[in-house]
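The values are calculated or read from the model by the stated rules, or taken from the named source; none is laboratory data. Nothing here was measured: the structure is a model prediction, and the numbers come from that model. Virtual Cβ from ideal backbone geometry, glycine too; neighbours counted across all protein chains shown.
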Amino acid sequence: MRELFIRALSGLVYVCIIIGGILYAKESFYLVFYILMILCLYEFKNLINLSYKWTFIVASLIYFNFINFPDLSIKYLHFLLISSLFIPLIYQLFKSKITLTSSKLGHYFLALAYIALPFATLVQIPFIDANYHPKIIISIFILIWINDTFAYLVGSTIGRTKLYEKVSPNKTVEGALGGLIAALIGAYFISFYCTKISLMNWFVIAAIVSVFGLLGDLIESKFKREAGVKDSSNFIPGHGGFLDRLDSIIFASPFVYVYLHIIT
């Protein structure tokens, strides 16, 4: 009972910090997610045995570059970066061992691509027509939470078909489909809350969040499995680390960014 209370309390504090930072002002939004990026980067460098100092400096430069220079030409450059970096990561998920690189320089590059770039794109998602729309990013987090919650509930109750057992034994096809359907239903209601984006676009975003969020979860599980750890850290009592809580949005956010800011 005590463990359940601690888990619930730490989860509530985590959600309040996320939503509070988003709603208070765009500056607090930038600050909260910058801190989360640094914490995730710290956890990830422990998974791949990487020095932190230079990774932290370069990641900070990438993050603030997105904030200060979100013009059209850079958006297309970012699109190329996302395509070239994330497709190989997805490919590596289905190999017996992640072999993107064996060099230290390559590990630095991997940390920046896997953590810094997604956070840098995430903080640009709610800016439509150069204005800050906090409801957009809150809605995307709600879709992530709906997807994860219903994927767990459906998977734990009726899940029989393993999705990718050697990486994440508890995930099932039924759970993944349950999360996707729930996210699509959630997108319908969110379209009334956040009218800046059309219903059809919310459906597409829900699908992106479900599919790429699941891939992000699986990729992080593979990194943890190769590192021989259950959680990325114990920073959030009862929940593991910040990377454990944010792995879905980390991987999905670049694709949501591309869809909202380039495709639509």
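Here are the numbers for the structure shown:
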{"read-out": "Enumeration of residues in segment 159-206 that are surrounded by fewer than 17 Cβ atoms within 10 Å (Cβ to Cβ), closer than 25 Å to Phe223 by Cβ and under 21 Å from the mean Cα position of the chain (by Cα)", "value": "Pro169, Asn170, Val173"}
{"read-out": "Subset tally (residues that are among the basic types (Lys, Arg) and either modelled with pLDDT of 90 or more or touching a helix residue (DSSP H, G or I) at 6+ places or on another chain (Cβ under 6 Å) (or both)) for segment 1-28", "value": "1"}
{"read-out": "Tally of residues being touching a residue at least 40 places away in the same chain (Cβ under 8 Å), under 27 Å from Leu61 (Cβ atoms) and either among the polar types (S, T, N, Q) or outside any helix (DSSP H, G or I) (or both) across segment 111-146", "value": "9"}
{"read-out": "Thr149 being among the polar types (S, T, N, Q), in contact (Cβ under 8 Å) with a residue 12 or more places away in the chain and crowded, with 16+ Cβ neighbours inside 10 Å", "value": "no"}
{"read-out": "Residue within segment 199-208 that is free of Cβ contacts under 8 Å to residues at least 12 places away in the same chain and either assigned to a loop (DSSP other than H, G, I, E, B) or over 30 Å from Lys45 (Cβ atoms) (or both) present", "value": "yes"}
{"read-out": "One residue from Leu23, Leu41, Leu61 being within 29 Å of Ala227 (Cα to Cα), in contact (Cβ under 8 Å) with a residue 40 or more places away in the chain, of a type in the set (A, V, I, L, M, F, W, C) and part of a helix (DSSP H, G or I)", "value": "Leu41"}
